[in-house]
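In what follows, a single structure is set out as structure tokens and then discussed.
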Amino acid sequence: MYTQVYPLQISQTMSMSDSYILVLNAPDQGKHVPVLIGEAEAQAIILAIEQKEARRPLTHNLLKNILDEYMLTLKKVTIDRFDEGIFYSSLYISDGFSEKRIDSRTSDAIVLAIMQHCDILMKLNVLEETYMEPNALTDNLPRQGGAPAHNDTLEDLEQQLKECEANEDYEQAAEILKRINQMKK
């Protein structure tokens, strides 16, 4: 079972200038889902939402142009799974006769969905596992986590965050980011 989600907000992380948090809104469920994305994907999402074009085609524009040229339609994007801090997504592409599922990074799938004006659907169990309440949107961080450990310095946490992001352990990265924010307060 799926529910529709929409890009709500993009914010730069406090500790790393090349990481962003995309907040997806699931209005039917009254929940938000934070997704850690890279700088290029954040810029592509913003350009797609604002319907602006880069001076030269970006990778997402190239994919859109190929779909258009070969009269293929992006029917929907699904976010199917969340495992070890990583979201797993699929593109559903039709040639008018059949539909094919193609594995995709979630950030790339969202960019294409915005560009092609198609639905972004998230499995309900993924939503339940990763959501935060809308009123808990403080600093764009998820609701999970706790107070910083007494022996962790700000520098230690920032190093841990870099390691998590390098390993694409986005769930743990979000936890550490929350701890960093609490420490800075």
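Structure notes:
- Filtering 51, 29, 4 for residues that are modelled with pLDDT under 95, of a type in the set (S, T, N, Q) and closer than 18 Å to residue 125 by Cβ leaves a single hit, 29.
Here is a yes/no grid of residues against (1) surrounded by 18 or more Cβ atoms within 10 Å (Cβ to Cβ); (2) in a loop (DSSP other than H, G, I, E, B):
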{"position": "8", "(1), (2)": "no, no"}
{"position": "22", "(1), (2)": "yes, no"}
{"position": "29", "(1), (2)": "no, yes"}
{"position": "32", "(1), (2)": "yes, no"}
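- Residue selected from the stretch 50-78 under the condition of a type in the set (Lys, Arg) and touching a residue at least 12 places away in the same chain (Cβ under 8 Å), by the criterion surrounded by the fewest Cβ atoms within 10 Å (Cβ to Cβ): 75
The values are calculated or read from the model by the stated rules, or taken from the named source; none is laboratory data. These numbers come from a predicted model, not from an experiment. For neighbour counting, all protein chains shown are included, and Cβ atoms are generated from backbone atoms with ideal geometry for every residue, glycine included.
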